[in-house]
Amino acid sequence: MIVRLVRMAFRPGEGERFLELFEGWRHRIRSFPGCHHLALWRDTADPDVFFTHSHWEGEADLERYRTSDVFAEVWPTVKALFREPAAAWSVHEEVRMP
């Protein structure tokens, strides 16, 4: 299982537009084979900064999503709203505390 974090900083005011778009896409992303979890986080200091937090069965599942028709529709639309390039990390959970 891998955890994927993606930080996206949008131009001023575009965060609300992103939320509208995400609402239409979230079920398609979450139901993609290999995706076990999807959450959207918003920065507490900057309302135009968001993070997606997703869990994938493995790297191959994430890569299939990244080369899918769903991603081909989502990413160019979202990317056009950025004020700076997105940053992404794929990580493994090492320790979880109750």
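The values are calculated or read from the model by the stated rules, or taken from the named source; none is laboratory data. The structure displayed is predicted, hence computed values, not measured ones. No Cβ is skipped: glycine too gets one built from the backbone with ideal geometry, and neighbour counts run over all protein chains shown.
Okay, here's what the table says:
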{"item": "Answer from 43, 48 - the residue that is in contact with a Pro (Cβ under 7 Å, 6 or more places away or on another chain) and modelled with pLDDT of 95 or more", "result": "48"}
{"item": "The listed residue being under 18 Å from residue 2 (Cβ atoms) and aliphatic (A, V, I, L, M), out of 88, 72", "result": "88"}
{"item": "Sole exception among (1) more than 20 Å from residue 19 (Cβ to Cβ); (2) of a type in the set (Lys, Arg); (3) touching a residue at least 40 places away in the same chain (Cβ under 8 Å) for residue 83, by number", "result": "(1)"}
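Results for (1) of a type in the set (S, T, N, Q); (2) without any contact (Cβ under 8 Å) to a residue 12 or more places away in the chain, shown as yes or no for each residue.
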position	(1), (2)
3	no, no
9	no, no
25	no, no
35	no, no
43	no, yes
46	no, no
54	yes, no
62	no, no
